[in-house]
Amino acid sequence: MARNARNIALSTSIIVFVLSIVLWVDFDPSTAAFQFVEKAGWVKIGGLRSTIIWGSMASPCSSCLLSTLLTVLCVAASWVSVHTQVKEYMVAFLVLETLMVGMFARFDFIVFYVFFEGVLIPMFLIIGVWGGPRRVYAAFQVLPLHACSALC
């Protein structure tokens, strides 16, 4: 069971990383126009639309590329170090990756903020359940710091 979870998480994160490389290679930094625009009208609050955009700058593309690379590295690095609740750990990392990519690829501020705050949930679980000796203390330290930075 643990081996399957590791294999699925690693292969999924590698596929997402390869897709982010494709987007990064196809990104044209010489134009100021938005690229790779995908609009969906599934958010019906106050006329908002969920828009996925790689902006006119290369930073969203680079941030997604870095996030997907770090996910592959984290899943590979935890291959032998995580022995308990492996399936839950791998699911938490894939959810974290999904939320990070969603956060960097969003154009609407409110949808970005939802993804930004959503990143806290799997991060809190990863730190609190699979962290080091003072993992519970460290997990609760993430929340006040993040709440303060979000308000400032």
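Values in this text are rule-based calculations from the coordinates and carry no lab data. Here the structure is a predicted model, which means the values were calculated and not measured. Ideal geometry is used to build each Cβ from the backbone, glycine not excepted, and the neighbour counts take in all protein chains shown.
Here are some notes:
- When you restrict to C-alpha pairs under 8 Å that are six or more residues apart and normalise by the size of region 62-134, the relative contact order lands at 34 percent.
- Taking Lys and Arg as +1 and Asp and Glu as -1, the other residues whose beta-carbon sits under 9 Å from that of Val86 total +2.
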